[in-house]
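Just so you know, all these numbers are worked out from the coordinates, no wet-lab data involved. Note that the structure is predicted; figures quoted are calculated from it, not measured. Cβ sites come from the backbone with ideal geometry, for glycine too, and all protein chains shown count toward neighbours.
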Amino acid sequence: MDSVLRNAVVIDGSGNDRRHADLRISGGRIAEVAPTGTINTTGTDQVDLDGLVLTPGFIDIHTHYDAQITWDPNLTPSSWHGVTTAVLGNCGFGVAPTTTEHRETIARTLENVEGMSYEALAAGLRWGFETFPEYLSFLEELPKTVNVAAFIGHTPIRIFVLGEDASDRAATSEEIARMRALVAEGIAAGAVGFSTSRSPGHVGDAGKPVPSRLASLEEVFSLAGGMRDVGRGIFEIVCGPDLPEQQLPEVAAMLGRPITYTALLSGRGSITDLAQGERPGAALEFLDRVITPQSNVVPQIACRPIVMQVTLEDPVLFFNKASFKAVLEVPRAERANIYAKPEWRDVARKEVDDEWGQRWHRVSVAETGRHNELVGIPLDVLSTQRGVHPFDLMVDLSLADGLATRFLMQSSNTDEDEVGKLLQDPRPVLGVSDGGAHGSQQCDACFSTYLLQHWVRELEVLTLEQAVWRLTGHPAKVYGFRDRGLVAPGYAADLVAFDPDVVGTGPMSRVRDLPAGADRLIMRGEGIQCIWVNGVATRRDGIDQQSEQIAPGRVLRST
């Protein structure tokens, strides 16, 4: 049955001005957009959207729902915030291709690098595939309320071909040729592109570098060339010291493919800026110096500060420190023994202080079983009061609480003036939600409603039209989703209706709703009244539709 949405304020995702209109949905697509009151409504399901803004469904280009989608058809919390399309497989990670013998290695890698509970993965991840084409077909068959697209990732490819050597050595020319063929196979099957990571902070099983970091640049460029072999696909990368962001325009020209990278953050332009610390305006300067219309490179930006709740049981923000390799090599139950050693602490203190020495005011106790009176007080203040170094204080508080104390750590993207200017600049694309990853440490899957609340309504840095373009038309264009991201006849009926005076994020809470009872942080969306995915209502009047028959999500394949 057709549906007619009446009396909406339509913001169509193009950046153009809003207008009052009615809209008719037929066969999962937008059949007609016309002035209010002019569409024939006979025999149709009618929805009155008076007072609501109607936009294309939001697109989240940077998620890690590769495993979660096998047990959560709603991809929460993203779907609570109006996301109707999610891109999986970022940063070179994923679950395919994977042979049966390497499933635990993949899970252990995701446990460290993306902060996923191994117990949840072991209990919840359904394996019905080995190759990447089989994975896409598996996703196609899964019931889901959100559309998904996926990168084919470097790390699982390397494990698939090199096995347990993937994190220990360079590949042979024959292995590189085989991996390139797997990339081309994945792109031909519909992968949105190829992804990889060179980041020193990306550490996998037992403290080893993730496999993609063991690849030579020759290997990286050869595998990315698999996209050129097929003639489509976008190259997604997390840069590192041997391949900094300023070299990407040259790489894009060499490959003949567009590049997107994570992430352009306030205070720094590229990974080579980290040694100098944050500097106001550095990201904007980098944009002007490196990112031109001819560069074919699109940085990803975040609209929220990068803030994590970290325990020393899983010290994710210190994974790039040499001293923490010893921590990651032992089971969690034995890590307190290492922290208690004065000689280890002397080395670790200097390494951590080199990066965090000017940022201890951004670290505070967030959750604890022993130190409730300290919650919210910056560690630099507490350390001064107690006459100890902030790192020693962090370790001592953790040891006293069985390593359970969670520290709120504001790592980057805290300069709102520069973030606002990045959001106003049309060159970067909005991403970096990390939905599905670091579940117990952060929740940035709410980025869409946060953008509409904070940057539009509260600060008025963006107009509503600009923000909607950021969430819809722009990412659709960058990623080649030709029939998504606009409210226009012929486009897929992925739509969101929200109250602009209410839309935003709810309070953050910790729940234990993952498989095996693992915990995560969640935030509900507010003001999102209706959602349609491929013409099917997945939310009506602020209530998610729970019927098992409501599973309209599709796999979006590159063409």
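Along each of the three principal axes of the Cα atoms of the chain, give the extent in whole Å, ordering the values from largest to smallest.
78, 58, 48
Can you give the log10 of the normalised intensity I(q)/I(0) at q = 0.15, 0.19 Å⁻¹, computed with Debye over equal Cα scatterers of region 160-250?
-0.57, -0.92
Going by Cα centres, region 357-397 and region 1-61 are how many Å apart?
Cα centroid of region 357-397 versus Cα centroid of region 1-61: 51 Å apart.
Pull up the DSSP beta bridges for the chain and report the antiparallel fraction as a percent, rounded to 5.
Antiparallel: roughly 55 percent of the beta bridges in the chain.
Quick one: Debye curve from the C-alpha atoms of region 309-411, no solvent, what's log10 I(q)/I(0) at q = 0.20, 0.22, 0.23 Å⁻¹?
Normalising to I(0) and taking log10 leaves -1.02, -1.27, -1.41.
So for region 372-480, what are the equivalent ellipsoid semi-axes in whole Å, largest first, each being the square root of 5 times an eigenvalue of the Cα gyration tensor?
The equivalent ellipsoid of region 372-480 has semi-axes of 37, 16, 12 Å.
How would you rank 523-534, 242-253, 88-99, highest first, on the average number of other Cβ atoms within 10 Å across their residues?
88-99, 523-534, 242-253
Students often check this: by mean Cβ neighbours within 10 Å, which of 426-436, 147-157, 365-375 ranks highest, and how do the rest follow? Please report the intermediate quantities before stating the final value.
Details: 426-436: 23.5, 147-157: 28.7, 365-375: 15.0.
In descending order of packing, they fall as 147-157, 426-436, 365-375.
Rank by packing, highest mean first: peptides 283-295, 382-394, with packing defined as the count of other Cβ atoms within 10 Å averaged across residues.
Numbers: 283-295: 15.5, 382-394: 17.1.
Per-residue mean Cβ counts within 10 Å order the peptides as 382-394, 283-295.
Could you work out how far the C-alpha centroid of region 468-508 sits from that of region 135-201, in angstrom?
One Cα centre to the other: 28 Å.
Would you grab the residues whose amide H sits under 5 Å from the one on R29? Only those 5+ places off in sequence or on another chain, please, with H modelled 1.01 Å from N.
A493
Using a 10 Å cut-off around each Cβ, can you sort F129, F194 from fewest to most neighbouring Cβ atoms?
Ordered by Cβ neighbours within 10 Å, fewest first: F129, F194.
By count of other Cβ within 10 Å, fewest leading, how are I306, I159 ordered?
By the 10 Å Cβ count, ascending, the order reads I306, I159.
What shape does region 424-478 have by the C-alpha gyration tensor, where a ≥ b ≥ c are the square roots of the eigenvalues, rounded means a/c under 1.5, and otherwise prolate means a/b greater than b/c and oblate the rest?
oblate
First select every other residue whose beta carbon is under 13 angstrom from the beta carbon of I176; then total the charges, Lys and Arg +1, Asp and Glu -1. Please report the intermediate quantities before stating the final value.
On the way: positive: R158, R169, R178, R180; negative: E174, E175, E218, E219.
Local charge sum for I176: 0.
Which order do Y118, Y261, Y479 fall in if you start with the one that has the fewest other Cβ atoms within 10 Å?
Going from least to most buried by this count: Y118, Y261, Y479.
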